[in-house]
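The values are calculated or read from the model by the stated rules, or taken from the named source; none is laboratory data. All of these numbers come straight from a predicted model, not from anything done at the bench. Every residue, glycine as well, gets a Cβ built from its backbone with ideal geometry; the counts of neighbours run over all protein chains shown. Calculation scope for accessible area: heavy atoms of the full protein, side chains included, ligands and nucleic acids excluded. Shrake-Rupley method; radii C 1.70, N 1.55, O 1.52, S 1.80 Å.
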Amino acid sequence: MRWFPNVAVVAAVMSLMVSPASAADPVLLRGFEASTLHGAVRPVDDPGAPDGRAISLAGVATRRVALVTGSGLVVRLASSCVGAGLRVRLDGGPSLTFGAGSSAWHDVRLRLRITAGEHLIGMRSFPRLRGGCTRLRVERVDVATRGRGDPVLLGAAMRAQNLADDHLYAATFVANFDSLTPENELKMLFVEPQPGRYDFRAADALVSFARAHGKTVRGHTLVYGSQLPSWVTNPPVPWTRASLLAVMKDYIDTVMKHYGSQILTWDVVNEAFNDDGSFRDNVWYRVIGRDYVEQAFRFARAASPGAVLTYNDIAAETDDAKSRAILRMAADFRRRGVPLDAIGLQNHTNLFGFPRADILEATMSRYATLGLRVEITEMDVGAAGYSASPATGSQLQADAYRDAATACWDVAACGRLTTWGISDAVTWIGSAQAPLLFDSAYEPKPAFYAVRQALLDPR
Ligand code: G3I
């Protein structure tokens with residue numbers, strides 16, 4: 001769909017925008033050819049572009065455009081340069097980063113939090129000119145409603161035991177969350193306590209509860225170095241690479257097939273790296289070697305071809321040795337066709353050093369550039385050691401949650417933020433740390449309102 005030249009057409013589309021029937025997909029409102037951008041723009045003939053013309057962007061380009069509340073931008077671009085991408089900013093604000101990982105023309109959607117009126121769009125290609133391979137081709141920019149096709153889901157980890165015991169625990173989840181992650185019940189220790197004897201009762205209870213209330217489920221976690229049954233960590237006969245790979249394959253196969261389409265996002269491997277970027281020592285690594293991660297992803301794709309396969313890790317939110325090791329692995333997997341679809345950033349954090357939105361956005365964008373989805377998978381914000389006033393502490397905690405939610409909203413590849421529990425009454429780090437969105441009496445905290453505003457009503 002092209003530029004709408006007259007007001008009547010724009011008004012008609014605007015009215016579609018508020019119609020529930022049409023809100024599932026973004027509605028294009030208007031757009032402009034990239035050649036009308038000002039700045040480091042060179043018009044080029046491009047037989048592959050939809051109308052044969054495009055621009056080559058080698059630096060910064062800008063244009064003013066009228067936007068409506070809730071709209072986003074759709075930029076049609078292409079680049080044959082590996083790692084090239086586009087940074088877009090509105091009114092000089094923080095930039096959103098998108099990879100242009102394909103030489104075919106494709107659309108990238110930018111979710112923006114805007115108010116109606118005229119805004120300045122700025123675009124910059126990256127990386128900076130180097131080796132003649134940084135020119136990005138842009139064909140056009142469309143303004144669209146955000147649509148409901150890609151909301152950010154709010155999830156929570158839950159425990160089967162509390163589900164059975166505590167009415168408020170269940171009711172608070174049902175009223176406020178979209179997605180459920182079993183906190184422990186899908187770990188091998190519980191699912192295959194004896195070789196070949198699978199026990200899905202606790203996990204099934206959580207999955208049935210979620211589905212009965214129309215919620216989605218994240219599977220956590222297929223291959224993990226912790227919470228393993230002793231027959232895996234202390235086998236009567238030492239494992240060989242082949243025998244342990246067979247155990248891993250059988251486990252992934254059995255668990256993913258047990259749930260089939262009931263669980264379509266899985267943490268396939270959890271926490272494979274140390275903080276210094278080396279591999280964590282665990283039985284999988286020791287016996288199989290570093291390719292145990294790759295093998296797990298291959299087994300998972302074969303077991304459930306439609307599932308989103310995630311690598312999930314802790315304390316990998318900032319640009320450090322661990323997150324660089326994960327990024328290297330992800331890039332390598334993408335290059336070699338190892339089936340990795342998404343990265344989970346756990347974001348267990350605290351009042352003293354939580355990652356700010358710009359840091360999270362930068363980390364997420366690096367994965368997005370590789371064509372991966374991202375999620376925040378286990379967020380909590382502990383208060384251990386915090387001695388200033390409780391009001392200041394709870395404000396700081398709200399800031400930490402708001403930053404994470406804002407980052408997830410701003411990076412189009414981020415589709416879900418999960419907190420590692422519901423209320424301070426049930427948390428792995430103890431109620432005294434009050435790390436979650438609801439207090440021990442299941443009352444919403446400032447952090448809850450901060451997340452809700454950032455995710456559900458971002459304007
Ligand atoms: O199963 C026993 C139960 O029989 C006993 O009655 C109960 C008494 O405390 O303990 C139960 O085991 C506990 C287990 O969770 C299941 O509830 C362990 O003591 C407890 O240490 C274990 O903690 C879990 C921890 O992983 C284990 O490493 C936490 O609940 C869980 O939140 C935590 O989750 C991990 C993620 O999977 C990965 N990322 C980090 C995150 C936090 O460590």
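Quick notes on this structure:
- Residues in region 438-453 that are in a loop (DSSP other than H, G, I, E, B), touching a residue at least 40 places away in the same chain (Cβ under 8 Å) and hydroxyl-bearing (Ser, Thr, Tyr): 1 in all.
- Tabulated pairs, region 396-420, first part of a strand (DSSP E or B), second of a type in the set (Val, Ile, Thr) and at pLDDT 95 or above, C-beta under 6 angstrom, 6+ apart or interchain: Cys414/Val374; Leu417/Ile376; Thr418/Thr181; Thr418/Thr377
- Contact annotation: no residue pair with Cβ atoms under 8 Å, 6 or more positions apart or on different chains, pairs a residue in region 164-177 that is modelled with pLDDT under 90 with a partner that is hydroxyl-bearing (Ser, Thr, Tyr).
- Selection of first residues in region 63-74 that are within 13 Å of Glu118 (Cβ to Cβ) and open to solvent by 50 Å² or more (accessible area, probe 1.4 Å) and of second residues that are of a type in the set (Val, Ile, Thr) and at pLDDT 80 or above, restricted to Cβ pairs under 8 Å at least 6 apart or on distinct chains, gives the following pairs, ordered by first then second residue: Arg63/Thr36; Arg63/Ile121; Arg63/Val141; Arg64/Ile121.
- Some residue of region 381-394 being within 16 Å of the ligand (Cβ to nearest atom), open to solvent by less than 40 Å² (accessible area, probe 1.4 Å) and either without any contact (Cβ under 8 Å) to a residue 60 or more places away in the chain or in contact with a His (Cβ under 9 Å, 6 or more places away or on another chain) (or both): yes
- Of all the listed residues (Gly132, Gly70, Gly147, Gly83), the sole one being under 24 Å from the mean Cα position of the chain (by Cα), within 26 Å of Asp46 (Cα to Cα) and at pLDDT below 70 is Gly83.
- Every residue from region 165-186 that is touching a helix residue (DSSP H, G or I) at 6+ places or on another chain (Cβ under 7 Å) and either basic (Lys, Arg) or within 15 Å of the ligand (Cβ to nearest atom) (or both): Tyr169, Leu180, Pro182, Asn184, Glu185, Leu186
- Residues of region 209-227 that are under 17 Å from Ser179 (Cα atoms), open to solvent by less than 40 Å² (accessible area, probe 1.4 Å) and of a type in the set (A, V, I, L, M): Ala210, Val217.
- Residues located in region 45-55, provided they are open to solvent by less than 50 Å² (accessible area, probe 1.4 Å) and within 18 Å of Gly31 (Cα to Cα): Ala49, Gly52, Ala54, Ile55
- With respect to (1) open to solvent by less than 20 Å² (accessible area, probe 1.4 Å); (2) closer than 26 Å to Arg241 by Cα; (3) within 16 Å of the ligand (Cβ to nearest atom), the lone exception for Asp281 is condition (1).
- For the residues Leu264, Leu186, the requirement of being under 22 Å from the mean Cα position of the chain (by Cα), under 20 Å from Phe297 (Cα atoms) and in contact (Cβ under 8 Å) with a residue 60 or more places away in the chain singles out Leu186.
- Candidates Leu206, Leu153, filtered to the one that is open to solvent by less than 70 Å² (accessible area, probe 1.4 Å), at pLDDT 95 or above and more than 30 Å from Leu37 (Cα to Cα): Leu206
- Extreme residue, most open to solvent (accessible area, probe 1.4 Å), among residues of region 194-203 that are closer than 17 Å to Val223 by Cβ and in a loop (DSSP other than H, G, I, E, B): Pro195
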